[in-house]
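Novice: I have a structure I would like to understand better, so I am pasting it below and will then ask my questions one at a time.
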Amino acid sequence: MTLHVSSAFDGGAIDVLRCDAPDAIELAIRRDLRADGTASEFLQWFYFRVSGAAGRPLALRIVNAGSTTYPKGWEGYAAVASFDRRTWQRVPTQFDGEVMTIRPGVACDPLYLAYFEPYSWERHLDLLADAVARGAALRRLGASVQGRDVDALVIGTGARVVWIIARQHPGETMAEWFVEGLLDRLLDDADPLARELRRRATFYVVPNMNPDGSVLGNLRTNAAGANLNREWLAPSRETSPEVACVREAMHASGVDAFFDIHGDENLPYVFVAGCEMLPAFGERQRAEQLAFCEDFKRASPDFQTRHGYSPDKYRDELLKLASKYVGHTFGCLSLTLEMPFKDNADAPDPRTGWSAARSRQLGRALLDPLYGHLLRIETAR
């Protein structure tokens, strides 16, 4: 068979520079794409297939790794590989500051490699259908730049309103894996905590805020080149309609708690970024945020509060970010949750690193501190 590297599929992204020997393949990570074929500023995500190398050792050199958006993200990082696109594991990866070399060993045919375990548009549609079959209501909020549906799953009948959004940055696929785990538990009639949450609150869950970027194989931008998590103060109907329609629905429903689910390229930890830097952040919000974090640590040892972002990280663009805009506008618990692309340094797993399975479990665990938060605000307000 002829040796070949391809990425012409849902979420695929790579540029092939040399592919004439399996142990000397040279590749380049490409920039995020816009709908018109032009490139935006970000480059980090990769997902591709190698065929025609069965039984031979592979070596793949990503020659522009040191020039990507987050070059420190390759330090201590290992790529993920799969032959069936269902089971993924980490493979030996070295980064010398300029070139990243991936050595998966003797290849099967075909072999898929990715920055993190992909979450396809087809799986997204299956997730929506499964949730509806289990009792959720599907509410179409609007459309993306390229016309894909932006959907929310509405779950529960309670007076409190909880919004959970994921994949504003489409390459952060761990975010939708997280939502998959959360939905699995929230819709479980055998789980008493899930039943009680549905009685106390109404959930609006947007599993994929950036469907175009997901399909295009982008890390951070939509089909217009917009970074959606910098669009919340003044979203555009032309370039960030995804944010515009979700924000409009949030203003219509009100918000008692908000979670924006992400992945971080550099830090090997699970953490949250809160709203303590906002001028109007009061003692009530501070107490609610601290209590939630303490409850989350008890619910999941994967979560910690020692490592994270400095409160002044986004000083010049605060209200452009989803969690800051929502925390400021609604005065509620509003958090950005970050998971690693690498591994959790507090509980490493050399075989899988941080993974889809661990993301799902963390999503399930979120419901425990959220229940505590709802009890506290019902008592205090």
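The values are calculated or read from the model by the stated rules, or taken from the named source; none is laboratory data. As the structure is a prediction and not an experimental result, all values here were calculated from the model. We place every Cβ from the backbone using ideal geometry, glycine too, and count neighbours over all the protein chains shown. Please note that ligands, DNA and RNA were not included when accessible areas were found on the heavy atoms of the full protein model with its side chains. Shrake-Rupley method; radii C 1.70, N 1.55, O 1.52, S 1.80 Å.
Novice: Could you tell me whether L125 is open to solvent by 40 Å² or more (accessible area, probe 1.4 Å), without any contact (Cβ under 8 Å) to a residue 24 or more places away in the chain and not in a strand (DSSP E or B)?
Specialist: Answer is yes for this residue.
Novice: Separate question: Which of the residues spanning the stretch 216-234 are touching a Leu at 6+ places or on another chain (Cβ under 9 Å), open to solvent by less than 30 Å² (accessible area, probe 1.4 Å) and in a loop (DSSP other than H, G, I, E, B)?
Specialist: G217, N218, L219, R220, N222, A223, G225, W232
Novice: For the stretch 38-84, how many residues are part of a strand (DSSP E or B) and open to solvent by less than 20 Å² (accessible area, probe 1.4 Å)?
Specialist: 11
Novice: Further question: Just for the stretch 235-265: of the residues that are acidic (D, E) and in a strand (DSSP E or B), which one is farthest from S323 (Cα to Cα)?
Specialist: First, the residues of the stretch 235-265 that are acidic (D, E): 238, 242, 248, 256, 260, 264-265.
The next check asks that each one be in a strand (DSSP E or B); those that pass are 260, 264.
On the way: D260: 7, D264: 16 Å.
In this case the residue turns out to be D264.
Novice: Here's a follow-up. What do you reckon, is S310 more than 19 Å from F178 (Cβ to Cβ) and hydroxyl-bearing (S, T, Y)? If you could, list the steps in order and put the result at the bottom.
Specialist: Values: more than 19 Å from F178 (Cβ to Cβ): yes; hydroxyl-bearing (S, T, Y): yes.
Yes: the conditions hold for S310.
Novice: A further question follows. May I ask you to list the residues in the stretch 198-215 that are surrounded by fewer than 22 Cβ atoms within 10 Å (Cβ to Cβ), outside any strand (DSSP E or B) and in contact with a strand residue (DSSP E or B) (Cβ under 8 Å, 6 or more places away or on another chain)?
Specialist: R198, R200
Novice: Residues of the stretch 224-283 being touching a Ser or Thr at 6+ places or on another chain (Cβ under 7 Å) and acidic (D, E), which ones?
Specialist: E231, E242, D260, listed by residue number.
Novice: If you go through the stretch 129-149 one residue at a time, do you hit one that is closer than 23 Å to L333 by Cα and part of a loop (DSSP other than H, G, I, E, B)?
Specialist: Within the stretch 129-149 (the criterion being closer than 23 Å to L333 by Cα and part of a loop (DSSP other than H, G, I, E, B)), the answer is no, since none of the residues qualifies.
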